[in-house]
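These notes are about the structure you will find just below.
The values are calculated or read from the model by the stated rules, or taken from the named source; none is laboratory data. Remember, predicted model here, so these are calculated numbers, not experimental data. FYI the Cβ positions are ideal-geometry reconstructions off the backbone, even for glycines, and counts take in every protein chain you see.
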Amino acid sequence: MPDYIINDQTDPNYFLSLGRTRGLVQRDYQDRFSGCYKGSVDWSMDIPTIPKSEWSDRIKEMESSKSRLSDIRNRANNGSPMKSLDQNGQGFCWAYSTAACVMLLRAAANMPYKRLSPHAVACKIYNFRDRGAWGALSMEFMSENGIPEESFWPQQSMSRSYDIDETWENAKKYRITEGWMDLDLNAYDREMSFEQVATCLLSRIPVVCDYNWWGHSVAAMDLVETSPGKFGTRILNSWTDSWGEQGTAVLEGDRAIPDGACAARVIIGA
Amino acid sequence: MKLKTLGTLLCLLFCAQLNAQKFDVTTVNGSISVSNQNVIKTQIFDENKSLIGEVKEESGSVKTSEQVVKILSVDTDASKVSVYADDVNRTPVVLPSAGKNRWLIPNAQKLWIEVKIIDFEKSIFDSKRIVVDKSDLPDKDPVGPSVAPIDLPGLRVLMVVESEMIPSYPKNQMDALFSEKLRLYLNEKCVKSKGEVPDLAPEWRMMDVDTKFEDTCDLVWCKALKRPMKSLPWIIISNGQTGYEGPLPQTLDEIIKLVEKY
């Protein structure tokens, strides 16, 4: 099936006109500077980046072996596709992008399929107010508290009645436990940041990507060669499967370079 | 000769000299013997061989003990070699010296180690970073075919990686590990979990070696992850009666061929 393409000509306001909400608020660097999160690991201490010269071949091989995260997503729900989440008109994209990454990590590890409830995370962080934030904030919360299944906190619910001990006991099963990397870099280093994102995606590690141009946070699944020598990302959005190509799109050119990015590597086992 | 050409030549000569310098960082398993006539130091390790306590007592006799360690060795022509180690909490850890350009790495925790070499006369300036995890006694062999690594009936497969090292693993091996063909094969061959529908996940996993589990370690995968692994990526195959534990084969065909035996 053809990809749904978002490129430099795409007007972000077009999505607003369709009633699609976003919710990215740029990170408060004075309060939460890069690498300050509990459990975060400095990239340079961990991972050599995969050189750009290898990207094209690796992408082709991953397509051929159907070993991309998008391929894994397509069979994640007991052989059926993992449906994309739905932030339902509220500005909680920054929690949905991280939740999607946790679900993708579980799928890659072949853990039982569970739909998680990002509204629980956002409600808890902002005391049930509909407010924007950035992906790393929800990543930090999920590394400390986890995220509950939808059977404990129904999707899109803002009800305080679900904010009970049992819910958060369940959430602990879905904690991010180790080594999530803070890929945020200064604007002048953004090319480097994209190399790190690409390395993660080629390693089948989903990445939470915040885009200021879009005012939106999404989960990146695959590195894509959009034209010879040019690369973008295939993202999983939180606007249901009716948007894009089954909830996904390919970001091209500058649109693909995130302003903030972080990645969970290890989650609680099941 | 034009100044620009001369500059280029000098630059090439300088780069060639830099490239010619040998700089290798290696680690090997080992152990050290500690003896003391007056003070006996006893270190206590838990079942994972993590150091959990230390007792010192006065004594008049000579006592000896043996410890498992790793030895960091730096092969370089540089005159100055510096080693900096941090633990998982980024707390600096001092590595005891073990002779020229050799250091002992305590085998109790995961460490991030940076090696810097400097020699102004030879124009050597370089650094390397490595991650060293704790390991089990080096004399433990993989489980033989007469032992089931997982004491439950049915085929179960666990593949273990260090996720932060995936970019440096052979790409064919990683393509195989995440490939649809292997996943479909394991879905078909492995037993299904006893959870409620639709949670009938086939009993195979691909996990990071540092994966944690909630509360108790009664899950089959938690127990399996605690088994000794000599290297990563690793594979554990069990049919309840017999099994295999060893390095993950390099190709998809080799992995499937290995699982087929059980």
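Summary of values
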quantity	calculated
Qualifying position, being part of a loop (DSSP other than H, G, I, E, B), in contact with a Pro (Cβ under 7 Å, 6 or more places away or on another chain) and more than 17 Å from residue A:220 (Cα to Cα), among A:112, A:48	A:48
Among residues of region A:126-168, those that are free of Cβ contacts under 8 Å to residues at least 12 places away in the same chain and not in a loop (DSSP other than H, G, I, E, B), counted	2
Pairs, first more than 7 Å from chain A (Cβ to nearest Cβ) and touching a residue at least 12 places away in the same chain (Cβ under 8 Å) in region B:201-220, second assigned to a loop (DSSP other than H, G, I, E, B) and of a type in the set (Gly, Ala, Ser), C-beta under 6 Å, six or more apart	B:203/B:193
Residue list for region A:194-244, filter: in contact with a strand residue (DSSP E or B) (Cβ under 6 Å, 6 or more places away or on another chain), part of a loop (DSSP other than H, G, I, E, B) and closer than 18 Å to residue A:10 by Cα	A:215, A:237
The lone exception for residue B:180 - which of (1) more than 7 Å from chain A (Cβ to nearest Cβ); (2) surrounded by fewer than 18 Cβ atoms within 10 Å (Cβ to Cβ); (3) at pLDDT 90 or above it fails	(1)
Any hit, region A:77-96, residues being under 20 Å from residue A:265 (Cα atoms), part of a loop (DSSP other than H, G, I, E, B), within 11 Å of chain B (Cβ to nearest Cβ) and free of Cβ contacts under 8 Å to residues at least 40 places away in the same chain	no
So residue B:237, is it in contact with a helix residue (DSSP H, G or I) (Cβ under 9 Å, 6 or more places away or on another chain) and either in a strand (DSSP E or B) or among the hydroxyl-bearing types (Ser, Thr, Tyr) (or both)	yes
Any hit, region B:192-207, residues being under 19 Å from the mean Cα position of the chain (by Cα) and not basic (Lys, Arg)	yes
Filter result for residue B:254 (outside any helix (DSSP H, G or I), closer than 27 Å to residue B:172 by Cβ, more than 9 Å from chain A (Cβ to nearest Cβ) and modelled with pLDDT of 90 or more)	no
Selection count where residues are more than 14 Å from every other protein chain (Cβ to nearest Cβ) and touching a residue at least 60 places away in the same chain (Cβ under 8 Å), scope region A:100-125	2
Every pair of residues 6+ apart whose Cβ atoms lie under 6 Å, when the first sits in region A:223-242 and is more than 19 Å from residue A:211 (Cα to Cα) while the second is among the basic types (Lys, Arg)	A:241/A:83
